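The values are calculated or read from the model by the stated rules, or taken from the named source; none is laboratory data. The model shown is predicted, which means the values in this text are computed figures rather than measured ones. Cβ: placed from backbone, ideal geometry, glycine included. Neighbour counts: every protein chain shown. To get the accessible areas, we keep the full protein, side chains included, count just its heavy atoms, and leave off ligands, DNA and RNA. Shrake-Rupley method; radii C 1.70, N 1.55, O 1.52, S 1.80 Å.
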Amino acid sequence: AGTYAITPSGLTASNYALSYVNGTLTVDKALLTITASNDAKFVTQADAANFNGVTYSGFVNGENSTVLSHLPVVTRPHSTGAGAGFYPGELVPSGAAATNYNFAYVAGDYTIIPASQLYVKFSNVSQSYGITPTFTVTSAKYLDAHGNAITDLTGSTIVNGNNFSITDGAGSTTSFTISAVNPSLSSSGFLKVGGYDIGATNITGSSTNFNNSIIVIGSMQINTA
């Protein structure tokens, strides 16, 4: 991005006296959209540093976040005294810098999880267009009904492609399917280049320890092939 002189030269003609006037080429910065990934925590926990990060949409020429001279940060401006609940647009990205990009920022949602809800967090996926994503559970936990202890069920997770089952340790199993939230598909049926949050569908089963309002956190970054 910048302004450059265009200098004509080299023409000859027997019947003309030639003069040249320089021109100017202006290359504008490309627009990069930076979206804060959705995140969550139990009501008894502190906020995580930089929350769940960001996804990008708008890189050109096969570039990625390595071209940024300063990476964005995510903050939660209204953190004081917030109780359990869903807070849309609460996670605010800012602070990115790059020579060849301007930035548009999109806020992410934040959930403060009460007791007796299952919270499943997946590793964020970054992959090329056209490749089927592989999802990995990094934690599966719930806060007990008394709000005193967080029980870790990560080791009881069973995976079958995009289908997951988690046993609560008391004989009950909850199953669900993972997919992109608000997917944008190409004519070939693949997710288009850009960033997506993931969510749970087809939830079945129940537990005496938690209800079926499963909170799922994770994101996908689809890059150019």
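Structure data summary
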{"quantity": "Percentage of interatomic Cα-Cα distances in region 92-153 larger than 13 Å", "calculated": "76"}
{"quantity": "Spin-label pair Ala17/Tyr87, simplified geometry with 7 Å Cα→Cβ offset, distance in nm", "calculated": "7.5"}
{"quantity": "Theoretical FRET efficiency, 1/(1+(r/R0)^6), r = Cβ-Cβ of Val43 and Ser188, R0 41 Å, to 0.05", "calculated": "0.45"}
{"quantity": "Phi to ³J(HN,Hα) by Karplus 6.51 cos²θ - 1.76 cosθ + 1.60 over region 178-186, Hz, x for Gly, Pro", "calculated": "9, 7, 6, 7, 6, x, 10, 9, 6"}
{"quantity": "Inter-centroid distance (Cα atoms) of region 14-38 relative to region 59-94, Å", "calculated": "31"}
{"quantity": "Solvent-accessible surface (1.4 angstrom probe) belonging to His146, in square angstrom, nearest 10", "calculated": "150"}
{"quantity": "Nonlocal amide H pairs with Ala200, under 5 Å, H built at 1.01 Å", "calculated": "Val216"}
{"quantity": "Max mean-square fluctuation residue, GNM over the chain, Cα-Cα springs under 10 Å, options Pro72, Pro88, Pro114", "calculated": "Pro88"}
{"quantity": "With DNA, RNA and ligands ignored, accessible area of Ser184 (1.4 Å probe; Å², nearest 10)", "calculated": "50"}
{"quantity": "Cα principal axis extents for the chain, largest first, Å", "calculated": "97, 42, 22"}
{"quantity": "Gyration tensor over alpha-carbon atoms, region 95-225, equivalent ellipsoid semi-axes in Å", "calculated": "31, 18, 12"}
{"quantity": "Spatially proximal aspartates and glutamates relative to Lys29 (Cα-Cα < 12 Å; intrachain offsets below 8 disregarded)", "calculated": "none"}
{"quantity": "Enclosed volume per residue, in Å³, of the convex hull spanned by Cα atoms of region 38-150", "calculated": "120"}
{"quantity": "Alpha carbon Rg of region 122-181, scaled by the compact-globule rule 2.2 N^0.38 Å", "calculated": "1.33"}
{"quantity": "Residue-wise HN-Hα coupling along region 204-214, computed from phi with Karplus coefficients 6.51, -1.76, 1.60 (Hz; x: Gly, Pro)", "calculated": "9, x, 8, 8, 6, 9, 8, 8, 8, 8, 6"}
